[in-house]
Structures are given as structure tokens and as C-alpha cells.
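Novice: Could you have a look at this structure, given as C-alpha cells, before my questions?
FYI, it's all coordinate maths here, none of it is from the lab. Note that the structure is a prediction, hence the values are computed from the model and not measured. Glycine gets a Cβ as well: all are built from the backbone with ideal geometry, and neighbour counts include every protein chain shown.
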Amino acid sequence: MTIQDIALIHEWHPVLLSSVLTDKPEAVIVLGEKVAIFRTTQGVHAFKDLCIHRGVPLSLGKVKGDELVCAYHGWSYDACGTCTKIPSLPKEQVIPSKAKAYVYACVEAHGLIWVCLGTPAGLLPKVSAYVPEGFKEVLMGPYTLQAAGPRIIENFLDVSHLMFVHEGLLGDSDWAEINDYHVVEEDGVLRSDEIIIYQPDADGTGRGVNSRYVYEVFGPLCVAFTKRDDVSDHIFRLFLMVLPVTEQTSVAYMLKQRNYAYDERDEVFIQFQDRLIEQDRIMVENQKPELLPLDLQAELHLKCDRLSIAYRKRLRELGVTFGTD
Ligand code: FES
Ligand SMILES: [Fe+2]
């Protein structure tokens, strides 16, 4: 399969929790492409999951001496993808130069392993530029969803669902009106004005407050919101990063940053998010059409959907086709 998407191919995608990758290679799928991930003493690596010899997945192999050894006939590939050893080849014969593995960019950051199938714009994923000092980070996920990546992102940006899908937690249906707000673009980041929402339990610790949300769109599948309230100096920022596996299957990860409750167990926040995701799942896995329509005439929009409209326009400008219609 050749990936047609001219935008997502150059993005960093979160493929695995760092803790999952031990000394055995793992198989993942990014934009429908099978990728083998493995760890050596030099770091993490990603190869196309196919041995050029007889087409066996390299993820079935093993890591030996910082090289990936194919399970079928033992060809050994170094981190650059160069085949350094073909056991069946007599010593005096040279290894054919075509004997190579196809290498993808791969990094480890924020407790995740990230892969880019094209040419990444930066050395690190976009979230790395936003690690405020003194904040505590908690990683959440993976959450596998039978939904298109852009549908999942748009659900996260959709402020008027909070009072219904997450009633009693992130909203109250008696207070469903959304204040007028605008979306501006600065340095390629889409940012909303503050949107104020009454939340009976804003973060899982049971505090009822008026939350002030600012949403940000960093990339096609990387967004965040920052929320503050009127009664404390708490700042809570939640990133959502989505791995597009196939057009209608995705894996979501979330990174929460907070400047309060340092001693609170991470589990409290993780369990809260797990609960919210299950509520969202029912929506995003049942939306029709499954792929996010980028034609603004295709669905009905209200003023409060400004952020979704801006997001759809952005995807269109970037040329995102995977998971969109
Ligand atoms: S298929 Fe990989 S070494 Fe033969
Ligand atoms: Fe939600």
C-alpha cells in the first residue's frame, strides 16, 4: 500500500508505551503500514516490517548485539538497515547491496515511542515543546477506538458535548449554553478564546467549578486544552495524540500536565479519564459517516462549533485524507 496522505506521513505518531518495548521487537501499524519497532543499546528503531529476502515480518525476529535478526534465515540488520550478515552465504561472497531494511524515523519521548514514516518537521513530537516547569505529567492510554483519528480529535475539541455525554462530571445539561468565542491562528497553532463551562467534577477529584477552557490544535492528530478555574490557581492541561492505525481504527494517548495535587495518586486521574473515554467511545464509534467530512456543507454547524469548523478547514489546507472524506 502506498500512503497518499501528504500531511500525516510527515507527522510523529505515538505507536507504543515505552514500557511495552523490552528486548523483543514489536509490530505496530501506522497509517495502514506495518512497522517493526525494536530497542538496542543505542535507542529505539523502526523498520518496515518486511524482510527483503522472503517477506517475513522482521518483528518476528530478535535483537542480538544491537542488530535485528530475521526469524526465517537469520539475516542480521544494523540500526541503519544495512544487512551485515547472511549466515547461508559463503564467507568469501559479499552481501548484496540491495539487502537492506527500510528504516523509519523513531524517537522515545514522554513515555512513548514515536514513528514518522516520512520526513519529520522536528526532531521530537510537537508535545515536547510544551513541558512547563513544575508541572506533573501523567500518561494515559492506550485507548483503542474503532473510529477515524480526525473524528476522535474533533470529539475532544467539541465543547458542547460535555454536558450530555459527560453529564455530572464535565457538565450539567441545565447549563449547556456556550459563550461566543473565536479561534485564532498563531505560529501554525489554532487557539480558541476562553470557553466557560460549569463542571460538577472537573478532574476526577470531585471539585465543582466554573472551568475556563482554551483549546489548541498543534497538528492534525495532536491537540490540547488548558483549563483553569475561578477559585484556585490550578492549571490542568490535557494533550490528546492519536495514532491512525487504519482509516477507522485508532489508538489514543493522553498526556496530562498539572501544577497541583502533586501527591495525588496518578491512578485517580487515569481512572477518571478511562471513564470519560468509555463515554466518548459510544459517540465516536457510532458516528456516520465514519470518516470526518471536510466539506463544510456536509453537516450542520452552529456558532459554538467554530473550533470544529476551524479544525476541518485546517485538515483540508494540510491535505489530510486518511480518516477524512
Ligand atoms: S526472510 Fe528474512 S532472512 Fe529470509
Ligand atoms: Fe468527551
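Novice: Determine the gain in length on full extension of the stretch Val231-Tyr72; use 0.36 nm per residue of separation and subtract their C-alpha separation, reporting nm with one decimal. Spell out each step's value before the answer.
Specialist: Working: separation 159, 0.36 × 159 = 57.24 nm, distance 6.27 nm.
So the chain would gain 51.0 nm between Val231 and Tyr72.
Novice: Another question, then. Evaluate the relative contact order of the chain (contact order divided by residue number), counting alpha-carbon pairs under 8 angstrom at least 6 apart; express in whole percent.
Specialist: 18 percent
Novice: Once you list every other residue whose beta carbon is under 10 Å from the beta carbon of Phe236, what net charge do they have if Lys and Arg are +1 and Asp and Glu are -1?
Specialist: +3
Novice: Farthest toward the dipole's positive end in the chain, which of Phe156, Gln273, Thr144, given Cβ charges of +1 (Lys, Arg) and -1 (Asp, Glu) about the Cα centre?
Specialist: The Cα lying farthest towards the positive end belongs to Thr144.
Novice: Let me ask something additional. Loop-only chymotrypsin sites (Phe, Trp or Tyr not before Pro) in the stretch 181-279, please: DSSP not H, G, I, E or B, and at most 12 other Cβ atoms within 10 Å.
Specialist: In loop regions of the stretch 181-279 (DSSP not H, G, I, E or B), the sparsely surrounded chymotrypsin sites (Phe, Trp or Tyr not before Pro) are Tyr262.
Novice: Next up: Run through the stretch 256-287 and list the trypsin sites (Lys or Arg not before Pro) located in a DSSP loop whose Cβ has at most 10 other Cβ atoms within 10 Å.
Specialist: The qualifying sites are Arg265.
Novice: A follow-up question, please. Restricting to the chain, compute how many DSSP beta bridges are antiparallel as a %, nearest 5.
Specialist: Just about 95 percent of them are antiparallel.
Novice: If you don't mind, there's one more thing I want to ask. Run the quick spin-label model on Leu296 and Tyr130: label points 7 Å from Cα toward the beta carbon, then report their separation in nm to one decimal.
Specialist: So the label points at Leu296 and Tyr130 sit 2.4 nm apart.
Novice: Additional query: Could you work out how far the C-alpha centroid of the stretch 38-112 sits from that of the stretch 175-213, in angstrom?
Specialist: 47 Å
Novice: So, one more: Just for the Cα atoms in the stretch 1-149, what are the lengths along the principal axes, largest first, rounded to whole Å?
Specialist: 59, 34, 27
Novice: Just in the stretch 1-55: which trypsin sites (Lys or Arg not before Pro) are loop by DSSP and have at most 11 other Cβ atoms within 10 Å?
Specialist: Filter output for the stretch 1-55: Arg54.
Novice: Putting +1 on Lys and Arg Cβ atoms and -1 on Asp and Glu Cβ atoms, find which of Val209, Leu291, Cys83 reaches farthest to the positive end of the dipole of the chain.
Specialist: Positive-most Cα among the choices belongs to Cys83.
Novice: Here's a follow-up. For the pairs Lys227/Lys288; Lys256/Lys288; Lys48/Lys85; Lys136/Lys303; Lys34/Lys98; Lys136/Lys227, flag any whose C-alpha to C-alpha distance is greater than 23 Å. Could the numbers behind the result be given before it?
Specialist: Values: Lys227/Lys288 30 Å; Lys256/Lys288 30 Å; Lys48/Lys85 19 Å; Lys136/Lys303 35 Å; Lys34/Lys98 20 Å; Lys136/Lys227 15 Å.
With Cα atoms farther than 23 Å apart: Lys227/Lys288; Lys256/Lys288; Lys136/Lys303.
Novice: Given axes a ≥ b ≥ c from the Cα gyration tensor, I'd like to know whether the stretch 122-199 is rounded (a/c under 1.5), prolate (a/b larger than b/c) or oblate.
Specialist: It is prolate, given that a/c is not under 1.5 and a/b is the larger ratio.
Novice: Something else: List the residues, sorted by chain then number, that are 5 or more residues from Leu112 or on another chain and whose placed amide H is less than 5 Å from its amide H.
Specialist: HN-HN under 5 Å from Leu112: Ser18.
Novice: Is the stretch 130-318 rounded, prolate or oblate when judged by the Cα gyration tensor, a ≥ b ≥ c being the square roots of its eigenvalues, rounded requiring a/c under 1.5 and prolate requiring a/b larger than b/c?
Specialist: rounded
Novice: Write down the Å³ per residue value for the convex hull defined by the alpha carbon atoms of the chain.
Specialist: Each residue corresponds to 140 Å³ of Cα convex hull volume.
Novice: Once you sort the root eigenvalues of the Cα gyration tensor of the stretch 1-87 as a ≥ b ≥ c, which label holds: rounded (a/c under 1.5), prolate (a/b larger than b/c) or oblate (the other case)?
Specialist: oblate
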